[in-house]
1. For the stretch A:12-43, which positions are part of a helix (DSSP H, G or I), in contact (Cβ under 8 Å) with a residue 60 or more places away in the chain, touching a Ser or Thr at 6+ places or on another chain (Cβ under 9 Å) and more than 7 Å from chain B (Cβ to nearest Cβ)?
2. So, of the residues in the stretch B:155-185 that are at pLDDT below 80 and at the interface with chain A (Cβ under 10 Å from one of its Cβ atoms), which turns out to be most open to solvent (accessible area, probe 1.4 Å)?
3. Look through the stretch C:29-46, keep the residues that are aliphatic (A, V, I, L, M) and within 11 Å of another protein chain (Cβ to nearest Cβ), and return whichever of them is most open to solvent (accessible area, probe 1.4 Å).
4. Restricting the search to the stretch A:60-73, which residues are surrounded by fewer than 18 Cβ atoms within 10 Å (Cβ to Cβ) and in a helix (DSSP H, G or I)?
5. A:Gly47 versus (1) touching a residue at least 60 places away in the same chain (Cβ under 8 Å); (2) within 13 Å of another protein chain (Cβ to nearest Cβ); (3) under 28 Å from B:Phe81 (Cβ atoms): which is the lone unmet condition?
6. Please state which one of B:Leu50, B:Leu5, B:Leu34, B:Leu46 is exposed (fewer than 10 other Cβ atoms within 10 Å of the Cβ) and without any contact (Cβ under 8 Å) to a residue 60 or more places away in the chain.
7. Filter the stretch B:81-101 for residues that are facing chain A (nearest Cβ under 10 Å) and touching a Phe, Trp or Tyr at 6+ places or on another chain (Cβ under 8 Å); which is modelled with the lowest pLDDT?
8. Test of understanding: among B:Glu150, B:Glu189, which residue is of a type in the set (D, E, K, R) and farther than 19 Å from A:Ile9 by Cβ?
Amino acid sequence: MIHNSTDVIIKTVARIFIPFIQLYALYVIMHGHYSPGGGFQGGVILGASLILLLITHGERVAMQRISENWITILFSLGVLIYAGIGTLCLFFGGNFLDYGVLAPLLHVSPAAARSLGILGVEIGVGIAVMSVMVSIFYNIARSGPYRNKGTTARRES
Amino acid sequence: MEITLLVQATDECFSVIEKARRHAIDVLNTATLLTSETRSVEERKLQALLKGAVQARASSQQFLSTFLILMAFWCLLSGKFDIFHLSLGCICSLVIAYLSHDLLFANVRVGDARLIIQRFIAYMPWHLYQIAISNVHVAKLVLSPRMPIEPNVFRFKTKLESDMSWMALATSITLTPGTITIDIEDSGEFVVHALDKKLAADLNAGEMEDKIAHIFMESDHIYIQDALDMARVFGAMK
Amino acid sequence: MIDFLYGIGFGLCFLVLVVLYRGIFGPGVYNRIAAVSAVGTKTLIILLIMGFIYNRVDMFIDISMVYALLNFVGTLAAAKYLEMEK
């Protein structure tokens with residue numbers, strides 16, 4: 001159980017930075033085909049922003065914002081988007097994740113269809129990675145060293 | 001005998017009348033209480049409605065300003081201004097502004113945001129100069145073979161009020177070499193570690209705190225900078 | 001210009017080694033956390049210098065921002081863990 005921090009500096013800095021971090025994560029996801037990064041990295045940054053909210057503002061605020069049920073729905077949704085786009089390509093007669101064949105569906109040239117397909121797959125991967133990271137952290141936070149004291153907690157002095 | 005009966009009867013009559021009067025008063029009292037209660041409930045409902053409207057307006061303002069700031073940040077990051085990327089940025093900024101519009105403007109004091117930004121930009125060169133001065137001082141301290149350092153922890157109570165200005169002061173102290181903010185207590189007491197008596201004395205003089213208070217328009221001091229600004233305004237009026 | 005950048009980069013690498021001593025042998029956890037954080041800031045600047053050397057600053061600036069962010073969150077999480085244990 002992570003309690004609300006009493007430190008003013010950390011709370012204020014986190015409060016101001018979190019929207020920018022989230023927007024940066026989305027930028028990394030959306031520009032995955034121009035610059036380094038992509039779905040996985042952007043998802044990790046998005047998860048890190050939620051983890052920052054959790055460790056600064058406490059577990060209750062973070063759970064209010066995005067509950068565990070929503071996390072479960074989101075990581076199923078991310079995998080669904082990824083696998084759905086892949087399988088859609090199979091239906092149009094290509095290989096798995098062969099976006100070029102989606103061109104008649106999207107009414108664009110095959111190259112643009114590839115670009116859009118990669119974008120969709122990266123959004124799916126990003127959502128899945130973010131929700132899995134946050135889900136792992138929720139689980140760790142709820143059964144931390146306070147629950148079973150003395151098993152994992154040891155401080156070197 | 002008859003007289004006593006008569007007296008008893010009149011007594012009973014009076015008591016009955018008294019009872020009836022009390023009952024009537026009770027009824028009237030409860031009636032007034034009920035009406036006043038319903039009125040206060042209605043008033044409370046109206047107040048809640050007004051408050052809700054004000055809050056909704058404030059939150060929609062927050063949403064809009066967060067969206068604009070995030071959109072500017074997106075343009076800064078992306079550097080691509082074709083319609084596809086701009087619409088992507090628009091969608092992303094909307095999503096983030098919906099998710100966390102209450103974080104960026106959690107407890108804002110009354111104040112002109114543009115003036116705060118102007119004053120903050122004007123504060124930066126002074127702070128850089130301060131960093132350079134204490135950098136040279138700390139380098140002298142550390143590189144001299146005797147190492148004449150006297151590390152000490154001291155506390156001072158600040159006159160600043162909002163958490164933003166506390167954070168600005170704490171980060172300014174930490175950015176200056178040789179001094180580190182360890183903690184801010186709830187009463188607004190700063191715990192600062194300083195490497196030297198001179199650095200601590202510089203901080204205790206309170207010039208930095210005055211400047212921060214001037215940026216965020218806090219405390220009841222009259223500043224030289226304010227007087228200068230006003231002088232310009234009066235000059236324009238003449 | 002390239003020589004200048006190489007010089008700064010190698011100087012920062014040397015400083016990383018100096019700080020790494022504190023990170024490995026430092027007495028106590030808090031010294032180690034501070035050392036790791038300092039190494040993170042120096043790595044950030046080294047990444048930017050690499051970007052200037054390879055003429056791909058726009059790419060490396062993204063990487064260094066992510067590095068700074070994860071460094072911040074990691075330091076904060078470690079500090080929070082130690083605070084909880086108290």
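The values are calculated or read from the model by the stated rules, or taken from the named source; none is laboratory data. Predicted model only: the values in this text are computed from it and were never measured. Quick reminder, even Gly has a Cβ in these numbers, built from the backbone with ideal geometry, and neighbours come from all protein chains shown. With ligands, DNA and RNA removed, areas are computed over all heavy atoms of the protein, side chains included. Shrake-Rupley method; radii C 1.70, N 1.55, O 1.52, S 1.80 Å.
1. Selection gives A:Ala25, A:Gly43.
2. For the stretch B:155-185, the residue satisfying everything is B:Asp163.
3. Of the residues in the stretch C:29-46, the ones aliphatic (A, V, I, L, M) are C:29, C:33-36, C:38-39, C:44-46.
Next, from what is left, pick out any that are within 11 Å of another protein chain (Cβ to nearest Cβ): C:29, C:34.
On the way: C:Val29: 34, C:Ala34: 59 Å².
So, considering only residues that are aliphatic (A, V, I, L, M) and within 11 Å of another protein chain (Cβ to nearest Cβ), the one most open to solvent (accessible area, probe 1.4 Å) is C:Ala34.
4. Kept after step one, since they are surrounded by fewer than 18 Cβ atoms within 10 Å (Cβ to Cβ), are these residues of the stretch A:60-73: A:60-61, A:63-65, A:67-70, A:72-73.
A:Arg60, A:Val61, A:Met63, A:Gln64, A:Arg65, A:Glu68, A:Asn69, A:Trp70, A:Thr72, A:Ile73 - these are the residues of the stretch A:60-73 that are surrounded by fewer than 18 Cβ atoms within 10 Å (Cβ to Cβ) and in a helix (DSSP H, G or I).
5. Unmet for A:Gly47, out of (1) touching a residue at least 60 places away in the same chain (Cβ under 8 Å); (2) within 13 Å of another protein chain (Cβ to nearest Cβ); (3) under 28 Å from B:Phe81 (Cβ atoms): (3).
6. On the way: B:Leu50 fails: exposed (fewer than 10 other Cβ atoms within 10 Å of the Cβ); B:Leu34 fails: exposed (fewer than 10 other Cβ atoms within 10 Å of the Cβ); B:Leu46 fails: exposed (fewer than 10 other Cβ atoms within 10 Å of the Cβ).
Within the list B:Leu50, B:Leu5, B:Leu34, B:Leu46, the selection yields B:Leu5.
7. Quick first cut of the stretch B:81-101, residues facing chain A (nearest Cβ under 10 Å) only: B:84-85, B:88-89, B:91-93, B:95-97, B:99-101.
In the following step, the residues that additionally are touching a Phe, Trp or Tyr at 6+ places or on another chain (Cβ under 8 Å) were identified as B:89, B:92-93, B:97, B:101.
Values: B:Gly89: 90, B:Cys92: 90, B:Ser93: 91, B:Ala97: 88, B:His101: 77.
Taking the candidates together, the pick is B:His101.
8. On the way: B:Glu189 fails: farther than 19 Å from A:Ile9 by Cβ.
Going through B:Glu150, B:Glu189 in turn, just one is of a type in the set (D, E, K, R) and farther than 19 Å from A:Ile9 by Cβ: B:Glu150.
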